[in-house]
Amino acid sequence: MWLLIILLLCVPTGGQMDQAKAVITLQPPWVSVFQEENVTLQCEGPHLPGDSSTQWFLNGTAIETLTPRYRIAAAGINDSGEYRCQTGLSVPSDPVQLEVHKDWLLLQVSSGVFTEGEPLALRCHGWRNKLMYNILFYQNGKTFKFSPRNSEFTILKTNLSHNGIYHCSGMRVHRYTSAGVSITIKDPDEQEHVL
């Protein structure tokens, strides 16, 4: 009863209470993984006192788990899709699109959309963690980075020229090439403002 009174007192006169949006983070931080790899989704947002339950959704359908962490062990193609979460006092999170692949080489990124100025981490990842060498990173079909052994590269401060399709290639016995990944860099001044 006291909780209800406190909640009612917190509601502004207009009858609307601003709710925080839940946020999903990934561990490891990549939105694309190989089949059989593990990934954990963490939902962060405000909860009701004594209730840490979290609702998860995959492609708009509720998932049968109520924990703040959703662990996918040995990911399969059916685990691909749009994930959202919601806590007791939050509105649903923005969607996170997780893609599970079956291939030899995968370009991994933490998101497909960035705001100008944010860092963009790229990882050229071999199936079953096979080490690659003579790694090339490409933007819109043109090589922009070569590394004999390092499969990770970070653009520390993105700008609008970083929009495009990225992929990578690496040597093992043969040269393998990843599929392309679309990266969008948004101008912070053109972001929508909700009043």
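Output needed for the chain: three equivalent-ellipsoid semi-axes, defined as square roots of 5 times the C-alpha gyration tensor eigenvalues, in descending order, whole Å.
On the way: eigenvalues 290, 90, 27 Å².
Equivalent-ellipsoid dimensions as semi-axes: 38, 21, 12 Å.
Viscosity 1.306 mPa s, temperature 10 °C: Stokes-Einstein D of region 66-141 from its Kirkwood Cα radius, in µm² per second?
On the way: Rh = 15.4 Å.
Estimated via Stokes-Einstein, D reaches 103 µm²/s.
Could you tell me whether region 21-100 comes out rounded, prolate or oblate from its Cα gyration tensor? Rule is a ≥ b ≥ c as square roots of the eigenvalues, rounded for a/c under 1.5, then prolate if a/b exceeds b/c, otherwise oblate. Verdict is prolate for region 21-100.
Applying both filters, DSSP loop and at most 15 other Cβ atoms within 10 Å, to the trypsin sites (Lys or Arg not before Pro) of region 82-179 gives LYS102, LYS130, ARG149, LYS157, ARG172. Relative to the Cα centre, the charge distribution of the chain, modelled as +1 at Lys and Arg Cβ and -1 at Asp and Glu Cβ, gives a dipole magnitude of about 1000 debye.
Could you work out how much longer the chain between GLU44 and LYS21 gets when fully extended? Use 0.36 nm per residue separation minus the Cα distance between them, nm to one decimal.
Length gained, GLU44 through LYS21: 7.4 nm.
Between ALA62 and ASP94, residue separation times 0.36 nm minus the direct Cα-Cα distance comes to 10.0 nm. Longest stretch of the chain clear of exposed loop sites (GluC sites (Glu not before Pro), DSSP loop, at most 14 other Cβ atoms within 10 Å, sites excluded): 65-191. With the cut-off at under 20 Å, measuring from each backbone N in region 154-180 to a point 7 Å along the Cα-to-Cβ line of LEU131 picks out 169-177. In the elastic network of the chain, a GNM with C-alpha springs shorter than 10 Å, the most mobile of LEU131, LEU48, LEU89 is LEU48. Hull volume per residue, based on the alpha-carbon atoms of region 103-188 and their convex hull, is 80 Å³.
Where a number appears in this text, it was derived from the coordinates with a stated rule and is not lab data. None of these values were measured; they are calculated from a predicted model. With ideal geometry, Cβ positions are generated from the backbone for all residues, glycine too; neighbour counts draw on all protein chains shown.
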